[in-house]
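What follows is a set of notes on a single structure, which appears directly below.
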Amino acid sequence: MTELNKDEIFSQVQGALVELFELDAADIQLETKLYQDLDLDSLDAVDLVVHLQKLTGKKIKPEEFKMVRTVDDVVNSVVELLQEK
Amino acid sequence: MSLSEKINKIWRIFATGFCFVLFGTGGLALTFIVFPLLTFSLENSKKRELKVQKIIQRSFYLFCETMRISGAIDYKFADAEKLKNDQNCLIVANHPSLIDYVLITSRLGQCDCLVKQAIWHNPFMKGVVKSAGYIPNKDPENLLEDCSKRLEDGNVLLIFPEGTRTTPGKKSTLQRGAAQIAVKTETDLRIVHIKVTPSFLTKEKKWYQVPDSRPFFHVEVKDKISIQPFIEESSSPSIAVRKLNKHLYDVLLAPEQKTE
């Protein structure tokens with residue numbers, strides 16, 4: 001997986017967060033924490049998972065997503081998901 | 001403080017202690033005597049849960065009257081009759097004291113409740129919350145489904161969006177769970193506002209730290225909030241949730257923050 005792809009996925013995730021939660025794109029960086037910095041809650045995370053599933057066409061396991069803390073974690077798990085066959 | 005005020009204060013400590021013991025033994029008696037009897041007589045679990053909820057209402061009504069008559073507290077409802085016809089509806093309330101749930105439930109013939117994890121481990125309460133079929137606040141994935149099933153059956157669901165009791169003097173926030181459930185199940189919300197003066201049974205004080213004068217619990221049943229405008233005016237459900245939560249804050253907590 002090349003850097004370019006990771007960048008693309010980051011902007012997809014960023015776009016999803018802006019669209020779903022009306023956040024400011026500038027506030028969303030790789031190191032941003034979902035729960036503290038962006039004030040998301042566990043039910044928001046479920047919304048995000050559903051949205052990412054639609055985007056990638058892959059099924060995300062809820063237990064995998066429970067470990068996610070930062071935007072970078074989200075991007076990485078999407079990267080992994082896309083690598084899986 | 002005059003002598004009679006001092007005597008009254010000591011009496012209230014005693015009465016409050018008595019009520020705590022009564023609550024604990026009541027919980028155990030229901031768990032080990034009354035509810036097991038229901039298990040034999042009512043096979044259908046849904047009917048049994050409704051029966052349990054009815055028994056809880058009756059017991060709480062008696063309990064509230066005991067607290068009032070013993071002089072531990074005084075309380076008054078405003079517009080309690082509004083609750084009578086509520087169906088398929090969320091009831092959201094602020095949470096200043098330990099007995100908010102007891103007070104509100106004493107007026108609700110049927111009421112499901114969203115219960116935080118700690119209570120499922122409390123020996124005096126776990127049997128009761130389980131028998132009543134209350135909803136554990138645990139997995140976010142199952143939570144919405146559980147709530148939506150109950151609401152579809154026409155049930156009323158009581159939630160304290162603060163998640164736990166208010167800490168006096170500290171700025172409270174509302175967790176978005178209640179708003180999430182309302183938006184995603186498209187359910188209207190009944191607002192209940194509780195005001196306790198002087199404050200009593202708060203989070204950071206012990207039960208025996210009673211105030212100098214008798215605490216008065218004023219429970220005001222307010223109008224319903226219709227959920228549709230919030231959904232229609234928002235571009236996504238998550239945004240509707242945020243708007244609704246802000247509105248809930250204004251009606252539930254903002255008056256409190258101004259007076260203190």
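Observations
- Count of the range B:166-192 residues, restricted to those that are part of a loop (DSSP other than H, G, I, E, B), within 14 Å of another protein chain (Cβ to nearest Cβ) and either under 13 Å from the mean Cα position of the chain (by Cα) or β-branched (V, I, T) (or both), is 2.
- All conditions but one from (1) in a helix (DSSP H, G or I); (2) at pLDDT below 90; (3) within 13 Å of chain B (Cβ to nearest Cβ) apply to A:L17; the one that does not is (2).
- Residue count, the range B:135-165 (criterion: charged (D, E, K, R) and either in contact with a His (Cβ under 8 Å, 6 or more places away or on another chain) or within 14 Å of another protein chain (Cβ to nearest Cβ) (or both)): 7
- Residues of the range A:39-67 satisfying the condition of being open to solvent by less than 60 Å² (accessible area, probe 1.4 Å), over 18 Å from B:S238 (Cα atoms) and assigned to a loop (DSSP other than H, G, I, E, B): A:I60
- Matching residues in the range A:15-36 - criterion: being over 22 Å from B:A240 (Cβ atoms) and not basic (K, R): A:A26, A:Q29, A:L30, A:E31, A:T32, A:Q36
- Pairs where the first residue, in the range B:214-238, is within 14 Å of another protein chain (Cβ to nearest Cβ) and the second is aromatic (F, W, Y), C-beta under 9 Å, 6+ apart: B:S236/A:F21; B:S238/A:F21
- Scan of the range B:201-228 for residues that are out of contact with any Lys or Arg (no Cβ under 7 Å at 6 or more places or on another chain), open to solvent by 10 Å² or more (accessible area, probe 1.4 Å) and outside any strand (DSSP E or B), ordered by number: B:L201, B:E204, B:K205, B:K206, B:W207, B:Y208, B:Q209, B:P211, B:S213, B:S226, B:Q228
The values are calculated or read from the model by the stated rules, or taken from the named source; none is laboratory data. Small disclaimer: the values here were computed from a predicted structure and weren't measured. Methodologically, a virtual Cβ is constructed for each residue, glycine included, from the backbone with ideal geometry; neighbour enumeration extends over all protein chains shown. All accessible areas refer to the heavy atoms of the entire protein, side chains included, with ligands and DNA or RNA removed. Shrake-Rupley method; radii C 1.70, N 1.55, O 1.52, S 1.80 Å.
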